[in-house]
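K.L.:
Take a look at this one; I'll ask things after.
Only the coordinates and a few stated rules stand behind these numbers; no lab work does. The structure presented is a predicted model; accordingly, all values stated were derived computationally and were not measured. Glycine gets a Cβ as well: all are built from the backbone with ideal geometry, and neighbour counts include every protein chain shown.
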Amino acid sequence: MPQPRDKARKLAEAYHQVFSSGDGKLVLADLMSRFHVLGPSFAGDPYTTAFREGERNVLLYIAEKLALDPARFAELYSDVRDEILRWSND
């Protein structure tokens with residue numbers, strides 16, 4: 001039976017495999033831009049703020065699995081920003 005540490009390592013490897021490709025980086029950057037990682041999650045309504053924080057938390061979980069410093073999110077986004085903008089204008 002696999003040990004918890006082995007399971008965690010295997011899961012982290014799977015996250016790296018998915019998000020290390022060009023498409024994976026593009027998807028990650030799109031998620032960051034859509035789910036309040038690159039900007040404030042605050043809204044006038046506390047329920048909306050809580051909802052947005054939940055969305056943001058998903059990206060922080062992914063960053064943890066990738067051993068990615070959240071301070072680098074803006075840098076990663078800027079690497080693929082032009083491609084995302086081209087797609088959103090289509």
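K.L.:
Can you give the charge dipole size of the chain about its Cα centre, rounded to the nearest 20 debye, using +1 on the beta carbon of Lys and Arg and -1 on the beta carbon of Asp and Glu?
P.N.:
Value, rounded to 20: 360 debye.
K.L.:
Averaging sequence separations of C-alpha pairs under 8 Å and six or more residues apart, then dividing by the length of region 4-85, give the relative contact order as a whole percent.
P.N.:
After rounding, I find 36 percent.
K.L.:
Among (i) 7.1; (ii) 7.5; (iii) 5.8, which is the computed mean projected area of the Cα convex hull in nm²?
P.N.:
Correct label is (ii).
K.L.:
When 1/r is averaged over all different Cα pairs and the result inverted, which Kirkwood radius in Å belongs to region 40-90?
P.N.:
By the Kirkwood definition, the hydrodynamic radius is 12.7 Å.
K.L.:
Then there's this: Calculate how steeply helix 4-19 sits against the longest principal axis of the alpha-carbon atoms of the chain, using the helix alpha-carbon long axis, and give the answer as 0 to 90 degrees to the nearest 10.
P.N.:
Relative to the chain, helix 4-19 is tipped by roughly 50 degrees.
K.L.:
Taking the Cβ-Cβ separation of SER78 and HIS16 as r and a Förster radius of 30 Å, what is the calculated FRET efficiency to the nearest 0.05?
P.N.:
0.90
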